[in-house]
1. Tell me what the chain gives for mean residue ellipticity at 222 nm when only DSSP H runs of n ≥ 4 count, each as -39,500 (n - 2.57), the sum divided by the residue total, rounded to 500 deg cm²/dmol.
2. Evaluate the distance, in nm, between pseudo-label points positioned 7 Å from the Cα of Thr156 and of Ala129 along their respective Cα→Cβ axes.
3. Suppose every K and R has +1 on its Cβ and every D and E has -1 on its Cβ; what is the size of the dipole of the chain about the Cα centre, in Debye to the nearest 20?
4. About its Cα centre, how strong a charge dipole does region 167-267 have in debye, to the nearest 20, once Lys and Arg get +1 and Asp and Glu get -1 at the Cβ?
5. What GluC sites (Glu not before Pro) in region 127-189 are in a loop by DSSP, with at most 11 other Cβ atoms within 10 Å of the Cβ?
6. Please report the relative contact order for the chain, taking Cα pairs under 8 Å with a sequence separation of at least 6, and give it as a percent rounded to a whole number.
7. Using Cα centres only, tell me the gap between region 189-233 and region 22-53 in whole Å.
8. What value does the chain have for Rg/Rh, both radii from Cα atoms and Rh as Kirkwood defines it?
Amino acid sequence: MQMNLSTRELTAFLTLAEQRNFTRAAALCHLSQPAYSALIRALEQAMGARLFDRTTRSVELTAEGRVLVEPARRLLHDAEVALTDVRDHAARRRGRVAIAVLPSLAAGWLPPLLARFHKKHPGIELDIADVLSEDCIQRVRSGAADFALAATRTATPELRTEDFCRDAFHVVCPRDHPLAARRGRVRLADLAPYPIVQLARSSSVRQYLEAAIYPTQLRTVMELDQLSTVAGMVRAGLGITVVPALTLFHFAHADLVTRPLDAPDLVRSVFLVRRADRPLSSAAQGLYEVVMGARPGGAVARPVRRRVARS
């Protein structure tokens, strides 16, 4: 026989087991004595056993009643823990958010944002994956990430894609390089004579650049995975590089100069990708709202001007 016990019934049972008096127990449960007595009788009928022996002077647990005491306490405790957990998650006092973000955003734009979010919601666990676009999308698709910031627009039914920001490209070169003398924008054609330090072909930066200059080929001198390594190679004079504005914090050095690229079609689009078939948790929704409210640079991200002292 299937039986459903409410927390109200269990509370009434335990109160009477402790007080051994209907009048006191009814008052503690905020019920009239007739209503309280009816509740206990309904519980006994549901259990198919008498739980209390009643006399004119006392109320005592039966053998069956004593069997129910500890399970009733555990059930009430588990119910309270579950309700508290749900309330904490809904109020963003607890929870977990997993996101996947392009390395260029994860290293520069994201950390201060997460620091503010963590300060406001210290009980929410943050899981951040700084990976390339393909991995970003896959993590959302598999459920490993609640949402992602990627440079790829997806067109699959299970994913929803929203415009996030657009990222203009810039040339970075040593301070004594001929392009450093330019006061205006540098044209793509101006890059042809010079060796280029490039990111790996799997990066969105490289893919956008090669699509913009096709079928022209740049003079690639080396391919690297990390922007910090690219910056070191450019500082050493091994070549120049072309990178989006959101990556320029890697190149904030007194020996380097940044010039905007005159290439209107060369703009990297960044998208926020999430599942279309399920809502975000309360914690993930909170971070989503913060992220969307702090999109870098409006429509097109611009470089941050920094004054760097010579060492």
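Readers should treat all values here as calculations from the given coordinates under stated rules, not as data from a laboratory. Keep in mind that what you see is a predicted model, and the values were worked out from it rather than measured. FYI the Cβ positions are ideal-geometry reconstructions off the backbone, even for glycines, and counts take in every protein chain you see.
1. On the way: 10 runs with 120 residues, N = 311.
Mean residue ellipticity at 222 nm (helix-derived): -12000 deg cm²/dmol.
2. With each label placed 7 Å out from Cα toward Cβ, I get 1.2 nm.
3. Working: 43 positive and 31 negative charges, 224 e Å.
The dipole magnitude comes to about 1080 debye.
4. Values: 10 positive and 9 negative charges, 50 e Å.
Magnitude of the dipole: close to 240 debye.
5. Answer by residue number: Glu158.
6. Value for the chain: 21 percent.
7. Region 189-233 and region 22-53 have Cα centres spaced 79 Å from each other.
8. Dividing the radius of gyration by the Kirkwood radius yields 1.32.
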